[in-house]
1. Add +1 for every Lys or Arg and -1 for every Asp or Glu among the other residues with Cβ under 15 Å from the Cβ of GLY173, and state the total.
2. Using a Förster distance of 30 Å, how high is the FRET efficiency between ASP209 and SER100, based on the Cβ-Cβ distance and rounded to 0.05?
3. Work the Kirkwood hydrodynamic radius out for the stretch 135-226: mean of 1/r over every pair of different alpha-carbon atoms, inverted, in Å.
4. Select one label from (1) 36, 22, 14; (2) 37, 17, 16; (3) 24, 22, 17: the one whose number is semi-axes √(5λ) of the Cα gyration tensor in Å as derived from the coordinates shown.
5. A 29 angstrom limit on the alpha carbon distance is what I want to check against. Which of LYS105/LYS177; LYS105/LYS157; LYS157/LYS210 exceed it?
6. Can you tell me how much longer the chain between ARG43 and LEU127 gets when fully stretched, taken as 0.36 nm per residue apart minus their C-alpha distance, in nm with one decimal?
7. Solvent-accessible area per residue for the stretch 83-142 at a 1.4 Å probe radius, Å²?
8. Round to a whole number: what % of the accessible area of the chain belongs to carbon and sulfur, probe 1.4 Å?
Amino acid sequence: MIITPSILTADFCELGTTIDEAIAAGIDWIHLDVMDGNWVVNRTITFGPAVIRSIRERVGPDVFMDCHLMVTNAEENWNQYVDAGVNLVIAHIEAVDDMSTLIEKLHACGCQAGAVLNPATPADTILPFLPNLDLVLVMSVVPGKGGQSFMSEMEDKTRTFRAAIDAQIAAGGRPTKLMIDGGIKAHNIAQVADWGIEIAVVGSGLINDKGTIAENLTEIQHALQQ
């Protein structure tokens, strides 16, 4: 399984040092949560293309970077994130009017395309687009709502996507990846791996004051081997 850190729990005054630490620990995928102050329920603003560009310049071309767009206008400004250096744009199905066109535009400029859905949104909203998606992200918390715990009730939805992707691959279709984000830590990483998750976004489980990123990553990797 790929473990990718969400940098939201980092001290932004020390962001470059934190990213250097993550890469030194063996991380080669960085997850960027973009909130515009409008779409998420708590009206949080995080960061935008300028910060992402700085991160790309720091890490170089070999680190994979995705951005999870929790914004109202992904269809209008997706190209800013591609220009800033992300490899994959993940847009919310609830916030996009024409997902097929957005996917086509991303692919046309050489960027991978992903779709994400909130916990209350059924898998059926994304399944029609699956043949053209590079990644599906299942949220196991409500985006932007603090103090939440991992929602184990996302198992059925995740397994639905896993079965659909496996069938698609068996038929010679696109090998769409399956990611999860929200409350993922060492104690539940093996659980979501059993559901068929290939990529786990980890925030405070990796970037915290209880241990170094290398120590926390080792704990998570050991939990996967149990």
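1. Values: positive: ARG162, ARG174, LYS177; negative: ASP134, ASP166.
Taking every other residue near GLY173 into account, the sum is +1.
2. Working: r = 44 Å, r/R0 = 1.46.
It comes out at approximately 0.10.
3. On the way: mean 1/r = 0.0714 Å⁻¹.
Answer for the stretch 135-226: a Kirkwood hydrodynamic radius of 14.0 Å.
4. Among (1) 36, 22, 14; (2) 37, 17, 16; (3) 24, 22, 17, the one derived from this structure is (3).
5. Details: LYS105/LYS177 19 Å; LYS105/LYS157 27 Å; LYS157/LYS210 32 Å.
Where the Cα-Cα span goes over 29 Å, the pairs concerned are LYS157/LYS210.
6. Working: separation 84, 0.36 × 84 = 30.24 nm, distance 2.88 nm.
My answer for the length gained is 27.4 nm.
7. Values: 2130 Å² over 60 residues.
With the other protein chains kept in place, the stretch 83-142 gives 35 Å² per residue.
8. Numbers: 4840 of 10000 Å².
The value for the chain is 48 percent carbon and sulfur by accessible area.
The values are calculated or read from the model by the stated rules, or taken from the named source; none is laboratory data. Not measured: the values here are computed from a predicted model. Note: ideal-geometry Cβ built from the backbone for every residue, glycine included; neighbour counts use all protein chains shown. The accessibility values were calculated without ligands, DNA or RNA, using every heavy atom of the protein model including side chains. Shrake-Rupley method; radii C 1.70, N 1.55, O 1.52, S 1.80 Å.
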